[in-house]
Amino acid sequence: MIVFSTTFHTKIPIGKVVVRGQEGMNRVQFFDAPPSKEEEAYSNHMDDLDHALDQAAHDPSVAVCVTDASLLLHGNFQAVLAAQIHVGGALVYAVHCPIGRVLAPDAEQAAIWLALCKTTTLPRCKSILVFTDSLASARHAVDPSVQSGQFLSLAVAHSLRPWLEASADQVVRFYQVPSKEEWQCHKEAHDFASDLKVSVGTHVLTSLNYLHAQGTKKCLDCWTTLFGVLSFRGNQFLELTNRLDKPMKLKYTGGGAWLSHLQGLPGFTTRCCCAILGHTPIGSFNAQFFPHQPTGCPCGAILKTRPHILGYCNCFTNHLKLPISMTDFIDFMKVNPRVFAFNTAPSGIG
Ligand SMILES: [Zn+2]
């Protein structure tokens, strides 16, 4: 296995390596697609793509690079990059090749690397337009700081800097193409990438991002397995369901599966955590840990348990039925602001 993890420590920001001088910053431009198709700016952006491509077809000094990548989610295949270069409306260069075990953004970055390095060698080229579905990868491609795939960015800087320095008029413009639009030019590059299938083999390039993703996946699998063991999770952990009516699953992004729903309100979060973990001053808790404390409910029930509070107790409203969804649970906690709350801090706390 070949791992490209060699990095060069540099604090030189984007643009200054690509071309010396502040003016170089404005000669590497990015045109992001608006996130929502409903926005007027979105259709304007698609019109801009058509216009830029049409203009380029009539100007032989403009090179159009279209890049894409293909990753098969099944089987043991390498990612494939594709780059097509058009000048004056004609296809002058096209390549698709395996790029090893990498993530989709890595493969796209490699496609941009190949396209830029080739385009800067074309004679009489004054302007480069790059059409890609990932501007994040495009930004990585011209950012030589420490990162996965830094060797590609350094190669881009090595090719692009002298090209930009050759004339103050020469520019590189990156346009984001939303994949779902199947914009014809980009669809061709996509199909070109998908045409090639190469198995992984024994000595294959592996990106640092890919290894990080594999490590994270293994940790998450292990965490999920452990969470299925009652002795690890805790017997009192409240089973809640997600929007698909499936049990909530562990996740480490976006604030986690549970906390991301709690809006960051300290008191509310505390009550919800107490309720979910079963660590809350109710009768069943007192019976286990503070046997001299009261265990009954003001409504008359002999034992104030969590199922009693959530499902039946007439001290509270908006009762819940099994299975309990996270959304309904949050509503119940909001409608009943004193439920599962400590009246006073227990001895030894606070
Ligand atoms: Zn009650």
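The values are calculated or read from the model by the stated rules, or taken from the named source; none is laboratory data. Here the structure is a predicted model, which is why all the values come from computation and not from measurement. Cβ placement follows ideal geometry from the backbone for every residue including glycine, while neighbour counts extend to all protein chains displayed.
Inspect the stretch 124-132 for any residue being in a loop (DSSP other than H, G, I, E, B), under 20 Å from the mean Cα position of the chain (by Cα) and touching a residue at least 40 places away in the same chain (Cβ under 8 Å) and give the result as yes or no. Reasoning before the result, please.
Of all residues in the stretch 124-132, those in a loop (DSSP other than H, G, I, E, B) come to 124-126.
Filter once more, keeping what is under 20 Å from the mean Cα position of the chain (by Cα): none.
No: the stretch 124-132 contains no residue that is in a loop (DSSP other than H, G, I, E, B), under 20 Å from the mean Cα position of the chain (by Cα) and touching a residue at least 40 places away in the same chain (Cβ under 8 Å).
For residues in the stretch 146-173 being in a loop (DSSP other than H, G, I, E, B) and among the polar types (S, T, N, Q), which is farthest from the chain's Cα centre (by Cα)? It would help to see each step written out before you state the result.
From the stretch 146-173, those in a loop (DSSP other than H, G, I, E, B) are 146-149, 166-170; that's our starting set.
Filter once more, so that each one left must be among the polar types (S, T, N, Q): 147-148, 167, 170.
Working: Gln147: 16, Ser148: 16, Ser167: 38, Gln170: 33 Å.
Here the answer is Ser167.
Take the conditions more than 24 Å from Val171 (Cβ to Cβ), touching a residue at least 40 places away in the same chain (Cβ under 8 Å), surrounded by 23 or more Cβ atoms within 10 Å (Cβ to Cβ) and out of contact with any Phe, Trp or Tyr (no Cβ under 6 Å at 6 or more places or on another chain) and apply them to Asp106. Does it pass?
Answer is yes for this residue.
Looking at the stretch 173-184, is at least one residue buried (at least 23 other Cβ atoms within 10 Å of the Cβ) and not hydroxyl-bearing (Ser, Thr, Tyr)?
First, the residues of the stretch 173-184 that are buried (at least 23 other Cβ atoms within 10 Å of the Cβ): 174-175, 177.
Checking which are not hydroxyl-bearing (Ser, Thr, Tyr) leaves us with 174, 177.
Yes, there is a match, as at least one residue in the stretch 173-184 is buried (at least 23 other Cβ atoms within 10 Å of the Cβ) and not hydroxyl-bearing (Ser, Thr, Tyr).
Which one of Asp245, Asp328 is surrounded by 13 or more Cβ atoms within 10 Å (Cβ to Cβ) and charged (D, E, K, R)?
Sole residue among the options that is surrounded by 13 or more Cβ atoms within 10 Å (Cβ to Cβ) and charged (D, E, K, R): Asp328.
Which of the residues belonging to the stretch 236-255 are touching a residue at least 40 places away in the same chain (Cβ under 8 Å) and assigned to a loop (DSSP other than H, G, I, E, B)?
Residues satisfying the conditions are Gln236, Phe237, Leu238, Glu239, Leu240, Asn242, Arg243, Asp245, Met248.
Within 28 Å of Leu103 (Cα to Cα), in the same structural domain as Ile330 (by TED's automatic domain parsing), outside any strand (DSSP E or B) and within 25 Å of the chain's Cα centre (by Cα) - does that describe any residue in the stretch 216-223?
Within the stretch 216-223 (the criterion being within 28 Å of Leu103 (Cα to Cα), in the same structural domain as Ile330 (by TED's automatic domain parsing), outside any strand (DSSP E or B) and within 25 Å of the chain's Cα centre (by Cα)), the answer is no, since none of the residues qualifies.
It is to be established whether one or more residues within the stretch 19-30 are surrounded by 14 or more Cβ atoms within 10 Å (Cβ to Cβ) and either at pLDDT 90 or above or not assigned by TED's automatic domain parsing to the domain that holds Ser137 (or both).
We begin by selecting, within the stretch 19-30, every residue surrounded by 14 or more Cβ atoms within 10 Å (Cβ to Cβ); these are 19, 24-25, 27-28, 30.
Keeping just the survivors that are either at pLDDT 90 or above or not assigned by TED's automatic domain parsing to the domain that holds Ser137 (or both) gives 28, 30.
Scanning the stretch 19-30 turns up at least one residue that is surrounded by 14 or more Cβ atoms within 10 Å (Cβ to Cβ) and either at pLDDT 90 or above or not assigned by TED's automatic domain parsing to the domain that holds Ser137 (or both).
What single numbered condition from (1) more than 14 Å from the ligand (Cβ to nearest atom); (2) at pLDDT 90 or above; (3) not in a helix (DSSP H, G or I) fails to hold for Phe342?
(2)
Within the stretch 251-265, is even one residue touching a strand residue (DSSP E or B) at 6+ places or on another chain (Cβ under 9 Å), more than 18 Å from Ala341 (Cα to Cα) and of a type outside the set (A, V, I, L, M, F, W, C)? Can you show your working first?
Keep residues of the stretch 251-265 that are touching a strand residue (DSSP E or B) at 6+ places or on another chain (Cβ under 9 Å), which gives none.
Within the stretch 251-265 (the criterion being touching a strand residue (DSSP E or B) at 6+ places or on another chain (Cβ under 9 Å), more than 18 Å from Ala341 (Cα to Cα) and of a type outside the set (A, V, I, L, M, F, W, C)), the answer is no, since none of the residues qualifies.
Give the number of residues within the stretch 263-275 that are within 16 Å of the ligand (Cβ to nearest atom) and either at pLDDT below 85 or of a type outside the set (A, V, I, L, M) (or both). Steps first, please.
At the first step, the residues of the stretch 263-275 found to be within 16 Å of the ligand (Cβ to nearest atom) are 275.
When the remaining residues are screened for being either at pLDDT below 85 or of a type outside the set (A, V, I, L, M) (or both), the result is none.
Total satisfying the criteria: 0.
Given the condition touching a residue at least 60 places away in the same chain (Cβ under 8 Å), away from the ligand (no atom under 16 Å from the Cβ) and surrounded by 12 or more Cβ atoms within 10 Å (Cβ to Cβ), answer yes or no: does some residue in the stretch 276-283 qualify?
No, the stretch 276-283 contains no residue that is touching a residue at least 60 places away in the same chain (Cβ under 8 Å), away from the ligand (no atom under 16 Å from the Cβ) and surrounded by 12 or more Cβ atoms within 10 Å (Cβ to Cβ).
Of all residues in the stretch 284-295 being among the hydrophobic types (A, V, I, L, M, F, W, C) and over 41 Å from the mean Cα position of the chain (by Cα), which is nearest to the ligand (Cβ to nearest atom)?
Within the stretch 284-295, the subset among the hydrophobic types (A, V, I, L, M, F, W, C) is 285, 287, 289-290.
Now narrow it down to the ones that are over 41 Å from the mean Cα position of the chain (by Cα): 287, 289-290.
Details: Ala287: 15, Phe289: 20, Phe290: 19 Å.
Top of the filtered list is Ala287.
Can Pro298 be described as within 11 Å of the ligand (Cβ to nearest atom) and assigned by TED's automatic domain parsing to the domain that holds Gln236?
On the way: within 11 Å of the ligand (Cβ to nearest atom): yes; assigned by TED's automatic domain parsing to the domain that holds Gln236: yes.
When the stated conditions are applied, Pro298 passes them.
Check Leu303, Leu320, Leu310 and return the single one that is surrounded by 14 or more Cβ atoms within 10 Å (Cβ to Cβ), without any contact (Cβ under 8 Å) to a residue 40 or more places away in the chain, within 16 Å of the ligand (Cβ to nearest atom) and not in a helix (DSSP H, G or I). Before you say what the answer is, go through the steps one by one.
Working: Leu303 fails: surrounded by 14 or more Cβ atoms within 10 Å (Cβ to Cβ); Leu310 fails: not in a helix (DSSP H, G or I).
None of the others qualify; the one that does is Leu320.
Restricting attention to the stretch 90-104, does a residue exist that is in a loop (DSSP other than H, G, I, E, B) and either at negative phi or in the same structural domain as Glu188 (by TED's automatic domain parsing) (or both)?
Just the residues of the stretch 90-104 that are in a loop (DSSP other than H, G, I, E, B), to begin with: 102-103.
Keeping just the survivors that are either at negative phi or in the same structural domain as Glu188 (by TED's automatic domain parsing) (or both) gives 102-103.
Scanning the stretch 90-104, I find at least one residue that is in a loop (DSSP other than H, G, I, E, B) and either at negative phi or in the same structural domain as Glu188 (by TED's automatic domain parsing) (or both), so the answer is yes.
Taking the conditions exactly as written (closer than 17 Å to Lys187 by Cα, surrounded by 24 or more Cβ atoms within 10 Å (Cβ to Cβ) and under 20 Å from the mean Cα position of the chain (by Cα)), does Ala115 satisfy them or not? Steps first, please.
On the way: closer than 17 Å to Lys187 by Cα: yes; surrounded by 24 or more Cβ atoms within 10 Å (Cβ to Cβ): yes; under 20 Å from the mean Cα position of the chain (by Cα): no.
Considered against the rule, which asks whether it is closer than 17 Å to Lys187 by Cα, surrounded by 24 or more Cβ atoms within 10 Å (Cβ to Cβ) and under 20 Å from the mean Cα position of the chain (by Cα), Ala115 comes out as no.
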